[in-house]
Structure formats: structure tokens, C-alpha cells
Amino acid sequence: MAASENDAEFVRKAFLKLTKEFIRRGAATHDLKFVALNASESAKKRALAIPRRAHRKGVLAVLLASFLYSLLCNGYLRFANVTTLTSPLRSLQETRCLLPNNYLVWEFTRPVSNCDYCRDVDAPLILRNLTREEFRAYSYSSRPMIIKNVSYNWPARERFNLRFFRDLYERTEGAYESVEEECQFLRFKSNFANLREVFAMSERRASLRDGENAWYVGWKNCHPRILDAMKPFYSVPPFLPEDAEIPYSNYIFLGYEEGAVMHLDYISRLMWQAQVIGSKTWIVAPTPECDSECKSFEFSVDTADIVLLDTRIWYHSTYVENGEFSLTITSEYG
């Protein structure tokens, strides 16, 4: 049993590592989503027509093939003693892996959604800043929500910007390495390979002057000294349940124009995101099995608002309008 659990943990960690690499390389999840959905729907239809044991074997075969392909594409397999394979393998390893099979596998194997979560929902629930007791009825709801003016008095509104984080990372030993080795850098459609390149961009591009290319990036903060330095400038939303598990980590998303592409988050908790600077438009959509019963819709989140969304079951994308700069801080609770 212990060996089986260790094997499962190894596979889980490998998939997570592949996920980070896939996102870091900037592949577009919205294109791959449709491949995944088609594969998922076909698989679910076939599952109804074949015995359960045969279906299980088929799923295992897909998982194994996908996993081995991932290992090959990411350079984890080494065949140093097999000279006849050296050249083809080098060619494969040097070619960018276009198919993020861990996302396909997750989509292929995720549970079918109960459409109760999205039925009759066509807009977020908008609430004024409220107490923990007032929020109790909504605490773990999957309904998209906007809580107005929560972060109005946060010092982060005046202090957080590209220069703040650049100076913080430059003076903190091991900070860049923590993002590359432990956390995550999200380049989206920008041409930045890592956080160092983001902080090294020209002032003209940073402020999106005429003729400069728009950019939008995100990264996870998990270095203790980085988190400690950020702590005086923002706070966990006070209305969240007292017993909620909240990780000591967060994400920063900042930039212009197109933000995150349409995707699901493979996380263990609900998400909250504070709009510290600017505003941002969200587009949310139900999982495909609920398309006939539920609607896609969009909404805007203004400065000082906090959006709550179960990003594990709502597909979502974001964009920033009118050439404005947007900066948000995100974490989880559950």
C-alpha cells in the first residue's frame, strides 16, 4: 500500500511540474481546452457503451501513454547508452511540446459536473463589504461573487507596482530562485521567459507608451521574506470564515490588455482575488456538460473590489480594457 501511495505521489508531482513548465512556456490553454473537451466528451460517450473494466483499462492506457510522452518531451527520459536513439530523442527533446497532456488528462478524467452550481446563474452576486457573520451563508458557495470596496484602505493601493516588486525581489536572496523552483511564473501571451526579464523591461514598455507591446504576467509568491514584506500592505479578506484554511502564499497578476486565457484551475480550494489597481473584465463559462443548462457571462471588477470564484468548475478568462494598468493579488481559502 505504501509503495502504491508513493507511486501516486510521484505521478502527481510529475504532472504538477509539467503543468508549471507548460504554462511557463506560454502555450495557450484556450486552444487546448477544445481538444480536451472533445476528447473528454468522446471518452464519456464510449464509457456508456463498454464494460466498466474495459473502460478503466482504456483510461489507464491513456494516462500511461500521456505520462510517458510528458517525460520524453520534458527531457526526463535519458537513453545515454542507446546510441541509435540519441539523434531522434534529441530532436524530440529540443522540440517544444505542443500538447500539454497533463491538462488533457485532467480534463479527460475530471468528475462530470452537477449542473446545479450554474443553473439559473447569469451574473455574479454583488455584495457590499460585510462582516464574517453576514458572509456565513455565502462562505463556500460556488456562485461567482463580487464584494465591493473591501480593499479601499489597503496601503497596497499606493505601494504595489512593478518597481515595488522589482526592488523587493532584487534585495531578497533566493527570491527569484523560489519562483523558478518552488512557485510558478505565468507568462501568458507575453514574451518574458521569467520574472527577471519582466523586471528588466524598459520604462517605456512598463508603462505601455506608444509603439510598445502590451504585456500581462503573473507569479506565485512563496518565499517567506517576500510574503513577510508584503504583509503590511494588504490583509486576508476579513469576512472569510474563521475556520477557513488559507495558505501562506499568494499570486500577483499585473499588466495590460489580454490577461488569462480561458481555463480551469486545478487547485484544492476556492479563490479570492482583490483588484488593487485598475479594473478587469472576467468571462466565465460552465463546464461543457452543462452548456445546455447554463450560460456564459461576463462582469467587471473595479478597484478595491474582491471577486470570489470557484475556478475549479467555472472556466474563466480575463482582460483589461482601455489601455489601463491592472494589478491584483490572489489567494485561496477553504
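Summary of values
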item: Filtered residue count, segment 222-276, keeping only those that are among the polar types (S, T, N, Q) and over 28 Å from E298 (Cβ atoms); result: 2
item: Helices (runs of 4 or more DSSP H) fully within segment 99-202 counting 2 or more residues that are of a type in the set (A, V, I, L, M) and out of contact with any Asp or Glu (no Cβ under 9 Å at 6 or more places or on another chain); result: 101-109, 162-171, 175-181
item: Residue match in segment 216-228 (condition: modelled with pLDDT under 95 and open to solvent by 50 Å² or more (accessible area, probe 1.4 Å)); result: no
item: Failed item, numbered, when K231 is tested on (1) open to solvent by 10 Å² or more (accessible area, probe 1.4 Å); (2) touching a helix residue (DSSP H, G or I) at 6+ places or on another chain (Cβ under 9 Å); (3) in a helix (DSSP H, G or I); result: (2)
item: Residue count for segment 170-186, restricted to those that are among the basic types (K, R) and either in contact with a helix residue (DSSP H, G or I) (Cβ under 7 Å, 6 or more places away or on another chain) or surrounded by 13 or more Cβ atoms within 10 Å (Cβ to Cβ) (or both); result: 0
item: Filter result (more than 28 Å from R204 (Cβ to Cβ) and modelled with pLDDT of 95 or more) within segment 250-269; result: N250
item: Qualifying residues in segment 250-281 (those that are part of a loop (DSSP other than H, G, I, E, B) and among the acidic types (D, E)) - the one least open to solvent (accessible area, probe 1.4 Å); result: D265
item: From E324, E332, residue being more than 13 Å from Y117 (Cβ to Cβ), open to solvent by 30 Å² or more (accessible area, probe 1.4 Å), in a loop (DSSP other than H, G, I, E, B) and among the acidic types (D, E); result: E324
item: Segment 237-246, residues that are touching a residue at least 40 places away in the same chain (Cβ under 8 Å), surrounded by fewer than 14 Cβ atoms within 10 Å (Cβ to Cβ) and either out of contact with any helix residue (DSSP H, G or I) (no Cβ under 8 Å at 6 or more places or on another chain) or closer than 17 Å to A274 by Cα (or both); result: P238, E245
item: Residues of segment 118-156 classified as among the aromatic types (F, W, Y), open to solvent by 30 Å² or more (accessible area, probe 1.4 Å) and touching a helix residue (DSSP H, G or I) at 6+ places or on another chain (Cβ under 8 Å), total; result: 0
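The values are calculated or read from the model by the stated rules, or taken from the named source; none is laboratory data. Small disclaimer: the values here were computed from a predicted structure and weren't measured. Positions of Cβ are backbone-derived with ideal geometry, glycine not excepted, and every protein chain shown enters the neighbour counts. Protein only, heavy atoms only, side chains kept; ligands, DNA and RNA dropped before computing areas. Shrake-Rupley method; radii C 1.70, N 1.55, O 1.52, S 1.80 Å.
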